[in-house]
Amino acid sequence: MTDLVATYYFRPKEGVDPKWAANAIAEEQTTGTWTSISTGTKYMQYLDGRVESLEKEGSGYICEVSYPADIFETGNIPQYLSVVAGNLFGLSKIAAVRLLDIDIPKLLVPFHGPRFGIEGIREIIGTTQSGRPHVGTIIKPKVGLNPKDTAEVAYQAAIGGVDLIKDDETLTNQPFCLMEDRIPRVMERLDQVADDTGRTVLYAVNISTSGDRIAERAEQAVELGANMVMVDAIVCGLDAVRVVAEDTRNRVPIHVHRTMHGAITRNREHGIAMRPYCRFIRMLGGDQLHTGTVSGKMDHDANELIKDNMALTETFYGLKDTFPVASGGLHPGGVWSELQTLGTDLVLQAGGGIHGHPRGTAAGAMAMRQAVDAFMEDIPLEVYAQTHEELQIALATWGRS
Ligand code: RUB
């Protein structure tokens, strides 16, 4: 296969022929425009987009459009996006259009993918044998803690049993919590946990910033001791993931958050589904990626989510897997549904669902781990909770979801 095939859902406006609409997408994104032009030559025809299929779907249609590999500048992700997800969203005769998926040929994937992947991260945490899901937390409140208090919250979560601690998306390097102070303090407390328990806990430092500074910021974070970095791939631009992944000074896994994605992915008829993002972020080198929960606070479609996670883990040109992260309103009472639906190669990440535990952060982390243990031992949550107080309190506080 040398073409990139993009699958779109679209709904034409009343009276508009769906075949015309599908062709309009293929032409707008390749060699055509709204009228015939005198500047076209026969040579450009090899760059034409083609409608490969068109089928009715609900109140709209699904079409596959193939784009010849030659239209792409190999490795230029902004340019890839301009072709498969460019002007088409604004065509006035098409009421709604959503990019559902992309099938990308190998020659357009000159990337190394995740450096660590699921396997590499499991090795760091020590869960290769058990294969248990990882538990993570987002420091809460999102912003407002100083470096010392951030480190204390991180310590409590780590001692309670989380595998991963991360900054929230709006915390970067503000004066009230500078990286140069925050990172050493958090890492010192995590080292203490390692000394006391023998467990390594990752700290994903949010290095999201302007494109010309992000590699330097990743390096700074790693020099200060960070053992993971976090990139907000949508607000930074997807290519930021590649910049950090390919920087040889960055030797730590990359946690990819997707703040702002709801503006693009949420509408089932218009925008871009999460699937193409999963494929892009995996090839660009994201070691972990938020894809959503089935029980949490964010809108989701379980069928899409299952396949999104598959896109991160199925065979793909020899690249390593990306670890899917379930996050957003997660708490111990939701753990069972997450694992039953999404499997155990999953990072279960809870902010409020840990720090909101009536007995505090450490107890919240313990409750999350107990919920995971219950699932892994196939003991119903309520039964397991009878002998695990932290879980019992969590279930009494938030119930099951
Ligand atoms: C979760 C949180 C994350 C969201 C993002 O906090 O702050 O940023 O999970 O979700 P809490 P997604 O656990 O308190 O809800 O990446 O799925 O959009």
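What follows is calculated from the coordinates using simple rules that are stated; it is not laboratory data. From a predicted model like this one, the values you see are computed outputs, not experimental measurements. We place every Cβ from the backbone using ideal geometry, glycine too, and count neighbours over all the protein chains shown.
Observations
- Available extension along the chain between E216 and R199 is 3.2 nm, counting 0.36 nm per residue and deducting the alpha carbon span.
- Relative contact order (%) - criterion: Cα under 8 Å, at least six apart; region: the range 115-262: 21 percent
- The helix-only estimate of mean residue ellipticity at 222 nm for the chain, built from DSSP H runs of length n ≥ 4 each weighted as -39500 (n - 2.57), is -11500 deg cm²/dmol after division by the residue total.
- Taking chymotrypsin sites (Phe, Trp or Tyr not before Pro) across the range 32-102, the ones in a DSSP loop with at most 11 further Cβ atoms lying within 10 angstrom of their Cβ are W34.
- ³J(HN,Hα) computed for each position of the range 64-72 - Karplus, 6.51 cos²θ - 1.76 cosθ + 1.60, integer Hz, glycine/proline x: 10, 10, 9, 10, x, 3, 5, 6, 9
- Cβ crowding within 10 Å ranks L100, L319 as L319, L100, fewest other Cβ atoms first.
- Between helix 361-376 and the chain: long-axis angle, C-alpha atoms, 0 to 90°, nearest 10: 70 degrees
- Ascending count of other beta-carbon atoms within 10 Å, so fewest first, for T128, T313: T128, T313
- Among the chymotrypsin sites (Phe, Trp or Tyr not before Pro) within the range 306-401, those in coil by DSSP and having at most 15 neighbouring Cβ atoms inside 10 Å are Y317.
- Of the residues A95, F10, I25, the one whose Cα sits farthest towards the positive end of the charge dipole of the range 4-108 is A95 (charges of +1 on Lys and Arg Cβ, -1 on Asp and Glu Cβ, taken about the Cα centre).
- Per residue Cα convex hull volume in Å³ - calculated over the chain: 149 Å³
- The chain: angle of helix 179-197 to the longest principal axis, Cα-based, in degrees nearest 10: 60 degrees
- Fraction in percent of alpha-carbon pairs per bin - 10 Å, the range 17-145: 10, 29, 22, 18, 15, 5, 0
- Sparse-neighbour loop sites [trypsin sites (Lys or Arg not before Pro); the range 110-152; at most 13 other C-beta within 10 Å; DSSP]: K142
- Under a model in which nothing but the beta-carbon of Lys, Arg (+1) and Asp, Glu (-1) is charged, the range 146-195 shows a dipole of about 60 debye around its Cα centre.
- Relative contact order of the chain, taken over Cα pairs closer than 8 Å and 6 or more residues apart, is 16 percent.
- By the beta-carbon count within 10 Å of each Cβ, the least crowded to most crowded order of E377, E338, E216, fewest first, is E377, E216, E338.
- Charge dipole of the chain (Cα centre as origin; +1 on each Lys and Arg Cβ, -1 on each Asp and Glu Cβ, all else neutral): 500 debye, rounded to the nearest 20.
- Between the helical axis of 147-160 and the longest alpha-carbon principal axis of the chain there is an angle of about 80 degrees.
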